[in-house]
């Protein structure tokens, strides 16, 4: 893939934010973005990097009416040695195409997906924060652009990558959060869009999220759509339960749960850290019983944004169930430290997960 690079003028360059405490999450964006176009006759064409700019979208574009779009999220990390690293980006490339299949969208070659990210980050290296906990968030996405109404798959698409420097997820420290268990609203059902990374999933979560915040909770713990009995996800993350201090249990992938990169990493790290891991159905009744008896010693969510997010309490049917006295447990802390150490190049990467940023190849053409 030969990528055309359009120059960015001095007037278009944005001031670099050096105080990571002011970054937040995806509030600021870098100077450039990657785009590529698709049509059924030619396939993917016109790969280019140019100034970050608005899209001109026709009012009749299919994405605006039928939500045919998908996205991914990953990060670039800068270690103490100054090297920039990615964490398992090939998994994001594969998941992007699984989402594309579910939304009847064209595949994007995995190598091109990775090359689009590497080329753009190479040009925007100044934006990768160099403080621990901060990173450069990478958002690849694709959306339908046919200009005609009618419920059908589009024949034209745009693929784009944008970048945002983000600060530490835990501005006030690595602290447990409270979850509201929704036993009425449904995020996704088996056979639906739950396992695809598409905006419709997140739109479906907004109402329950608003209810959770009104109840003083940070996120929603979702139950299955059929019986409202079995645990599925928490907010936009996967969920883990620690039994008796050494056994990890997480809901098995069932068609309505997103296959998280961090989720898979935790499962693979478990044996290395002396933990037993199990993927299976787990009901809300088992969870409440486990918290009450003390057999559940920790709960945490996993995702790209937070990595590991410890849980301090569940609010279910107007009752609060406290986990580990609202303290961060040793398993959550160990997993958080291990993942972050691998991502920033501070500890050994036994799985080959980390991909160093390479210098651009001749395929990047300056205009």
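The values are calculated or read from the model by the stated rules, or taken from the named source; none is laboratory data. Predicted, not measured: the structure shown is a model, and the values here were computed from it. So basically every Cβ, Gly included, is an ideal-geometry build from the backbone, and we count neighbours across all protein chains shown.
Summary of values
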quantity: The one condition in (1) farther than 23 Å from residue 264 by Cα; (2) within 21 Å of the chain's Cα centre (by Cα) that residue 229 fails to fulfil; calculated: (2)
quantity: Set 208, 212, 259: member being surrounded by fewer than 18 Cβ atoms within 10 Å (Cβ to Cβ) and either farther than 13 Å from residue 279 by Cβ or under 16 Å from the mean Cα position of the chain (by Cα) (or both); calculated: 259
quantity: Breaking point among (1) within 26 Å of residue 184 (Cβ to Cβ); (2) in a loop (DSSP other than H, G, I, E, B); (3) without any contact (Cβ under 8 Å) to a residue 60 or more places away in the chain, for residue 241; calculated: (2)
quantity: In region 29-62, the residues that are under 24 Å from residue 305 (Cβ atoms) and either in a strand (DSSP E or B) or touching a strand residue (DSSP E or B) at 6+ places or on another chain (Cβ under 6 Å) (or both); calculated: 29, 30, 32, 33, 34, 52
quantity: Criterion: assigned by TED's automatic domain parsing to the domain that holds residue 69 and either surrounded by fewer than 20 Cβ atoms within 10 Å (Cβ to Cβ) or within 29 Å of residue 208 (Cα to Cα) (or both) - qualifying residue of 150, 192; calculated: 150
quantity: Residue check for residue 14: out of contact with any helix residue (DSSP H, G or I) (no Cβ under 7 Å at 6 or more places or on another chain), free of Cβ contacts under 8 Å to residues at least 60 places away in the same chain and on the phi < 0 side of the Ramachandran plot; calculated: yes
